[in-house]
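Report on the structure given below.
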Amino acid sequence: MNLKKLPKIELHCHLDGSVRPETIVEISKSEGVNLPSYEIDVIKSMMIAPMECLSLDEYLKGFEIPIAIMQSKESLKRVTYELMEDSAKENIKYIEIRFAPLLHTNKGLSTEEIIESVLDGIKEGEKKYDIKGNLILSFLRHMPVETVYEVIEIGKKYLGEGVVAIDLCASEHKGFCNKFIKPFLLGKEYGYRVTIHAGETGIGENVLDAVTILGAERIGHGIYIKDCKDAYDIVKDRNIALEMCPTSNVQTKAVDSFEEHPVLDF
């Protein structure tokens with residue numbers, strides 16, 4: 001069986017985790033972004049996570065260089081288009097791309113400009129390739145909750161025009177959902193769908209909170225429902241989709257090996 005030729009969907013794809021190393025070097029030179037090195041092999045080693053990471057936090061360091069060059073309308077559109085192109089070549093027919101708009105304001109872009117640039121890249125990819133794309137607006141859990149409202153308010157006018165959902169991501173601590181109840185209720189009222197990174201780093205109860213408190217319809221990772229019966233049961237009973245990322249889970253040491261990954265039991 002040739003997996004590359006099979007038609008596929010991609011529901012858990014981070015834009016800033018999908019940038020071509022060659023593009024990083026080209027954009028850094030054209031836009032005057034200082035990099036530790038301009039050698040492709042060095043950039044690859046800094047942005048592509050090894051199979052042996054100490055933790056999720058170490059894994060997330062690989063996003064720093066791509067984010068540094070994704071600070072203009074042109075660069076955001078380009079990396080998005082290239083992701084659509086690369087995905088189409090893997091015969092992905094539908095993709096939901098997620099990113100955190102507030103990470104791309106370093107050079108003065110507005111939230112509106114940031115979202116529109118990424119949507120433009122998606123649309124350009126759709127025109128050229130047999131692929132459909134939509135956008136998930138992500139928020140980092142350590143950012144002030146007030147900033148979430150800004151993106152939700154601005155992003156709502158793009159609902160039905162490419163934006164489909166909101167998400168929480170980055171380092172996970174127990175009980176994080178309580179901080180975001182009000183903005184996520186507002187988001188659901190506006191018509192956003194909800195997917196939440198939860199249960200990735202040992203806290204199955206966070207999945208239960210994501211579903212019952214924030215109204216999550218999908219969960220990013222969710223592997224630690226294996227240690228929380230209430231979370232496991234609600235995911236099963238409500239048909240909550242789990243966006244499984246086995247390679248990432250092995251890299252971040254959420255599980256020790258592919259053979260021990262709970263997806264086999266799920």
Mind giving me the FRET efficiency for Lys123 and Glu90? R0 is 25 Å, r the Cβ-Cβ distance, nearest 0.05 is fine.
0.80
From fewest to most C-beta neighbours within 10 Å, the residues Thr111, Thr247, Thr80 line up as Thr247, Thr111, Thr80
Label-point separation (nm) for Lys107 and Asp41, each offset 7 Å from Cα along Cα-to-Cβ?
2.9 nm
Express in nm, to one decimal, how much length is gained between Ser257 and Ser171 on full extension, taking 0.36 nm for each residue of separation and deducting their alpha carbon distance.
28.8 nm
Could you pull out every one of the aspartates and glutamates with an alpha carbon less than 18 Å from that of Lys132, ignoring same-chain neighbours closer than 8 positions?
Glu10, Glu82, Glu85, Asp86, Glu90, Glu96, Glu116, Asp120, Glu124, Glu161
Take the cross-link list Lys8/Lys127; Lys93/Lys156; Lys107/Lys128; Lys77/Lys174; Lys89/Lys179 and give me the ones stretching past 28 Å between alpha-carbons.
Lys107/Lys128; Lys77/Lys174; Lys89/Lys179
Which order results if Val25, Val19, Val151, Val145 are arranged by neighbouring Cβ count within 10 Å, fewest first?
Val145, Val25, Val151, Val19
Among GluC sites (Glu not before Pro) in region 154-257, those in a DSSP loop whose Cβ has at most 13 other Cβ atoms within 10 Å are Glu161
Taking the chain, the equivalent ellipsoid from its C-alpha gyration tensor has semi-axes in Å, biggest first, of 28, 22, 19
Per DSSP H run of n ≥ 4, the term is -39500 (n - 2.57); total these for the chain, divide by its residue number, and report the mean residue ellipticity at 222 nm rounded to 500 deg cm²/dmol.
-12000 deg cm²/dmol
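Since every read-out is calculated from the coordinates, none of them should be taken as a lab result. Quick caveat, the model's predicted, so the values are computed rather than measured. Cβ: placed from backbone, ideal geometry, glycine included. Neighbour counts: every protein chain shown.
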